[in-house]
Each structure stands twice: as structure tokens, then as C-alpha cells.
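K.L.:
Dropping a structure here in C-alpha cells format, bear with me for questions.
Values in this text are rule-based calculations from the coordinates and carry no lab data. Since we're looking at a predicted model, the values are computed, not measured. Cβ atoms come from the backbone with ideal geometry, glycine included; neighbour counts cover every protein chain shown.
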Amino acid sequence: MRPEGIRLLPWLVGAVDLLMLAVATVLAIRFRLTLSIFDTATDLLENTALASVFFVATWLVLLGFFGTYERHVFGAGTEEFKLVVNASFFTAALVATMAYLMQYPLSRGFFLLYFPIGVLLLLVGRLAMRRTLQRLRSAGHFTERVLLVGTPGYIGEIHTVLAREAWLGYEVMGCLVPPEYAGLEVTSAGVPVLGLTGEVRQVVDDVSPDIVFFTAGAVSSSTALRRLAWDLEDHADVQIIVAPNVTDVSSERVRIRPVAGLPLMHLGRSRSQLATNDAKRAFDVVGALLVLAVVWPLLLALMVWIRGHDGGPALFRQTRVGREGAHFTCLKLRSMSVDAEERIAEVEARDHVLLKSTRDPRVTRPGRFIRRYSLDELPQLWNVLRGEMSLVGPRPPLPSEVEQYEDDMLRRLNVMPGMTGLWQVSGRSDLSWEDTVRLDLYYVDNWSMVQDLLILARTVTAVLASRGAY
């Protein structure tokens with residue numbers, strides 16, 4: 001879908017919001033009538049139908065006023081959900097105030113039910129729309145055409161990220177480079193050069209992009225950037241994005257503070273030290289005990305199956321590297337034949353230091369099953385209880401892998417390795433080595449407890465879908 005389809009997005013999201021609020025109205029009325037905690041003898045539901053129309057209309061208007069239908073909030077980030085919650089609280093306060101001042105006989109039970117249900121359904125609807133939009137964008141629909149402006153090196157970095165994260169919906173159509181690169185037709189990243197940085201207005205008129213993306217090195221001064229933005233003032237549909245020379249930093253660590261007309265970006269410190277605090281350790285212990293209490297019969301049955309299949313040990317013990325380079329014995333259910341180490345030459349290395357094969361002849365029949373659903377990692381709950389691993393963290397590397405680490409990769413050892421992590425929920429063995437390192441370093445620098453909870457939730461769906469598991 002081209003720009004016409006993109007312009008429909010706010011209307012589609014608005015239709016979903018309207019549907020969610022209509023459902024919330026029906027549920028609030030029904031619960032008001034059926035729940036025993038409410039007194040139906042003094043019911044004033046005859047006024048509720050009229051009030052509901054006003055509520056829905058006010059809610060939708062305020063959602064628009066708070067900017068929840070702006071195109072830039074769709075598809076990624078938490079801003080959309082924050083704006084929806086803020087608009088909803090403002091709506092509740094406004095409706096309550098107006099009902100009080102006008103002495104409108106509104107059912108208080110309906111009011112108390114309607115807004116919590118409405119907020120929840122709005123967030124569910126927005127989340128469903130986001131997932132749908134991301135899938136459509138990955139398939140090439142609802143994309144926005146991007147014109148990159150900057151030096152070839154920075155353009156290549158941005159192009160790599162946008163191509164990798166296709167669900168963002170950014171389709172790079174070409175780039176503009178500084179005068180010193182005049183004559184260049186295609187960058188090393190394969191991006192066509194459509195002109196020079198001083199020709200932004202002319203190129204925008206010719207190719208009609210949806211977004212002009214200024215990367216580092218695009219202009220020589222802030223004054224030049226301001227003038228380029230002025231040149232695009234009459235292109236109301238063209239968004240301007242400026243990318244600072246900063247990548248893989250979470251929004252929680254970034255603060256924009258305008259000072260004397262300068263939009264200064266403040267970066268918070270790396271959160272690697274916070275990822276080793278007592279709260280995370282307590283969460284790991286409690287979580288591991290709860291999971292063990294649920295899965296121990298399954299774990300016992302799998303151990304009996306593995307032992308009975310070929311008579312070998314049920315557990316596989318392997319030396320791994322933990323926090324600050326400490327070695328520990330990592331436990332797993334054995335998924336390969338007993339002589340797997342001697343037969344390692346039969347398998348070709350798939351990628352850099354990772355050794356993964358989709359058709360490894362050493363994997364046993366029980367091993368194929370437990371690997372498919374990552375059940376082989378359940379014994380690592382004992383490693384978590386012993387303080388050698390965490391529920392969430394980077395993949396525990398082999399000593400031979402650590403020997404090949406470059407300096408940046410050693411930061412993975414600043415936190416405890418985890419049973420699951422960003423790389424597992426983002427594709428597991430389908431990821432390249434570079435992507436695995438990038439995700440692990442992002443986790444180390446941007447740790448938060450909320451992120452851990454989200455990773456655990458995504459782990460369940462990733463395991464059930466068997467994505468990248470072999």
C-alpha cells in the first residue's frame with residue numbers, strides 16, 4: 001500500500017477504538033446489572049444509553065487531541081500506549097466533573113466499570129492493530145518511502161537497520177550525499193544516490209518520499225539543517241526525522257532537554273550493574289522455584305525417556321562462562337548421542353562461533369522433541385537457584401567462544417547469563433552471530449525489570465511456535 005493506504009491508518013485505528021469502546025459499554029452495562037455488589041433497586045440505567053454516546057464521542061475526541069492517531073506513533077515504541085492511557089484518565093476526570101456540575105443522574109457503578117474496561121480493551125485493540133500492522137509491513141504493505149540524507153557510511157548503517165527491521169515499514173528509495181561525494185551513483189550498502197544534500201527540495205519534488213531521514217554527516221551545521229527543513233515546509237505530508245549518532249539505546253536512558261535553543265540529548269549510564277541487584281536475584285529464586293514446582297513431573301518423565309532410549313545419562317554437563325568470566329557447570333537434558341563430542345566433525349559450523357545445524361545427525365529422537373520446545377534447558381533452573389545463572393540474560397558462552405570474543409563482546413559477561421534472553425525471543429538459532437551479539441549487548445546496557453518480564457512472556461510464545469529451535 002502506497003501513501004493513500006498509509007493515510008487510512010488513523011481511520012482504521014479509530015474504527016478499532018470505536019469497536020473497543022462499544023464492547024466496553026455493553027460489558028459495563030451487563031456487569032452493572034448482574035454483579036451482586038451493585039444495588040439494582042436504585043438503578044439509573046435509563047440514562048446510561050444517552051450518556052454512553054457522549055462518553056464514546058468524548059473519549060475518541062480526546063484520543064485524537066492527545067495525538068494517539070498521529071502516524072509516527074503507530075507500529076513501534078511505548079508512546080502510543082502512554083498517550084492512550086493519559087487520554088483515558090483525562091476523559092474519566094472530565095466526564096466525572098461534568099456529571100457532577102450538571103447533576104446528571106449517572107450510574108456510579110457503570111462509571112466505575114466502564115473506564116477500566118475501556119482502557120483495557122483500547123490497549124488490547126491497539127496491541128492487536130500493532131501486531132497486524134507489523135506483519136503487513138514485513139510483507140511490504142503500509143510502508144513509508146524514505147529518502148536518506150548524509151554521508152555514505154552513516155547511510156549504510158541506517159539502511160542496514162531499516163532493512164533488518166522490516167516490520168518498521170521504512171522502504172529506502174535512495175539517498176543524498178554531501179558535495180564531496182559528487183559522482184557517486186550507489187553507496188557501498190547498495191543505496192542509489194539521487195543527488196546532493198543541497199538538492200533536498202528538488203529531489204523531494206521529483207520522487208515524493210514520505211520521510212526525509214537526516215543521518216549524521218548530512219549537513220555541516222545546525223543552521224544548514226534548519227534551512228533544509230524550511231525548504232520542506234510546504235510539503236505537509238513529508239515527515240522529517242533526524243537520527244543522532246547513537247544506536248541501541250533504550251528510550252528509558254534518553255532524555256531530550258532543550259537548553260538555549262539546543263535540543264540536548266542526555267544518555268543515562270549503562271544499566272549493567274543494576275542487572276545484578278538483589279531484587280533481580282530474589283525474582284530469579286522465586287521464579288525458578290515456582291517453575292520447578294510446576295514442571296518437575298515433566299522433567300522427571302523426560303529424564304526417564306532419555307535414559308531409557310539409549311542407556312546414557314539423562315543430564316548433559318558442560319562448562320560454560322558466567323558473570324565476570326567465572327566458569328560453572330551448565331546442566332541440560334541430553335539431546336545428543338553419548339558420543340556426540342567425538343562426532344563433532346560430522347557437523348559443519350553454521351555461523352562464526354555458534355555451532356548449530358538444522359539436521360544434526362547426533363540428535364536423538366527424544367532430543368529432537370525436547371529441543372523443539374526448549375525443554376532441554378529446564379535443568380538450568382538448578383543453575384539459577386545456585387546463583388550461576390539468571391532467568392533472563394545473555395546466552396551462557398563456551399570457554400572456546402569467549403577466547404574468540406572481541407573487546408565489545410566481553411561486555412556480555414558483565415551480567416549473569418540467562419535461561420532465556422532477547423536473542424532467544426528474536427529468532428534463536430535463526431539469527432546471525434552479529435545479531436545475537438547486538439541483542440545481548442543491548443540487554444546488558446539497557447536492563448530493566450519490565451524488560452525481563454516482557455522477555456519471559458515472549459519466551460512462552462517463541463517456544464510454543466518453535467521459532468529457530470533445532
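K.L.:
Can you sort L101, L331 from fewest to most other Cβ atoms within 10 Å of each residue's own Cβ?
P.N.:
Values: L101 8, L331 21.
Listed from fewest to most nearby Cβ atoms, that is L101, L331.
K.L.:
For Cα pairs less than 8 Å apart in space and 6+ apart in sequence, what is the mean separation divided by the residue count of the stretch 137-224, i.e. the relative contact order in percent?
P.N.:
Contact order relative to length: 38 percent.
K.L.:
Report relative contact order for the chain in percent, whole number only (criteria: Cα-Cα under 8 Å, sequence separation at least 6). Before the final figure, lay out the partial values.
P.N.:
Numbers: 635 pairs, mean separation 49.9, N = 470.
After rounding, I find 11 percent.
K.L.:
With equal scatterers on the alpha carbons only and no solvent term, can you work out the Debye log10 of I(q)/I(0) for the chain at 0.06 1/Å?
P.N.:
Cα-only, vacuum Debye calculation for the chain: -0.39.
K.L.:
Going by average Cβ neighbours within 10 Å, how do the peptides 286-295, 367-376 rank, with the highest at the top? All intermediate terms of the calculation are to be shown ahead of the outcome.
P.N.:
Details: 286-295: 13.8, 367-376: 17.9.
Descending packing order for the listed peptides: 367-376, 286-295.
K.L.:
For the chain, what is the calculated [θ] at 222 nm in deg cm²/dmol (nearest 500), taking -39500 (n - 2.57) for each run of four or more DSSP H residues and dividing by its residue count?
P.N.:
Working: 14 runs with 221 residues, N = 470.
The per-residue figure over the chain is -15500 deg cm²/dmol.
K.L.:
Amide H to amide H, which residues 5 or more places from S390 or on other chains are under 5 Å from it, using H placed in the peptide plane?
P.N.:
G418, M419
K.L.:
When a footprinting reagent is the concern and you count Cβ atoms within 10 Å, what order do E70, E233 take, fewest first? Walk me through the numbers before you get to the answer.
P.N.:
Values: E70 15, E233 8.
With the sparsest Cβ surroundings first, the list reads E233, E70.
K.L.:
Work out from phi, with θ = phi - 60° and the Karplus expression 6.51 cos²θ - 1.76 cosθ + 1.60, the ³J(HN,Hα) of each residue of the stretch 177-184, listed in order in whole Hz, and give x for Gly and Pro.
P.N.:
Whole-Hz 3J(HN,Hα) from phi for the stretch 177-184: 10, x, x, 5, 9, 4, x, 6.
K.L.:
Hey, another quick one. Regarding the stretch 70-152, what's the average projected area of the Cα-atom convex hull, expressed in nm²?
P.N.:
8.1
K.L.:
Let me ask another. Once phi is turned into θ = phi - 60°, what whole-Hz ³J(HN,Hα) does the Karplus curve with 6.51, -1.76 and 1.60 give for every residue of the stretch 404-416, x standing for Gly and Pro?
P.N.:
Ordered by residue, 3J(HN,Hα) equals 9, 5, 7, 4, 4, 5, 5, 5, 4, 8, 6, 10, 6 Hz.
K.L.:
Another question about this same structure. Given 10 Å bins starting at zero, what is the percent of C-alpha pairs of the stretch 3-138 in each, up to the one with the largest pair distance?
P.N.:
12, 41, 29, 14, 4, 0
K.L.:
Taking H as built 1.01 Å from N, whose amide H comes closer than 5 Å to the amide H of L196, not counting residues under 5 places away?
P.N.:
Placed amide hydrogens put V177 under 5 Å from L196.
K.L.:
What order do you get for Y114, Y100, Y170 when you list them from fewest to most C-beta neighbours inside 10 Å?
P.N.:
By the 10 Å Cβ count, ascending: Y100, Y170, Y114.
K.L.:
Roughly how compact is the stretch 144-245, stated as its Cα Rg over 2.2 N^0.38 Å to two decimals?
P.N.:
0.97
K.L.:
Quick one: which residues, 5 or more positions from H141 or on another chain, have an amide H under 5 Å from its amide H? H modelled 1.01 Å from N in the peptide plane, none for Pro or chain starts.
P.N.:
It is none; the list stays empty.
K.L.:
For the stretch 397-424 and the stretch 284-301, write down the distance between their C-alpha centroids in whole Å.
P.N.:
26
K.L.:
Got a sec to turn the phi values of the stretch 208-222 into Karplus ³J(HN,Hα) couplings, 6.51 cos²θ - 1.76 cosθ + 1.60 with θ = phi - 60°, whole Hz, x for Gly and Pro?
P.N.:
Computed from phi, the couplings for the stretch 208-222 are 6, x, 8, 9, 9, 10, 8, 9, 4, x, 5, 9, 8, 7, 5 Hz.
K.L.:
Another question, if that's okay. So, by mean Cβ neighbours within 10 angstrom, what's the order for 275-282, 411-418 with the highest one leading?
P.N.:
On the way: 275-282: 14.4, 411-418: 23.1.
Packing order, densest peptide first, comes out as 411-418, 275-282.
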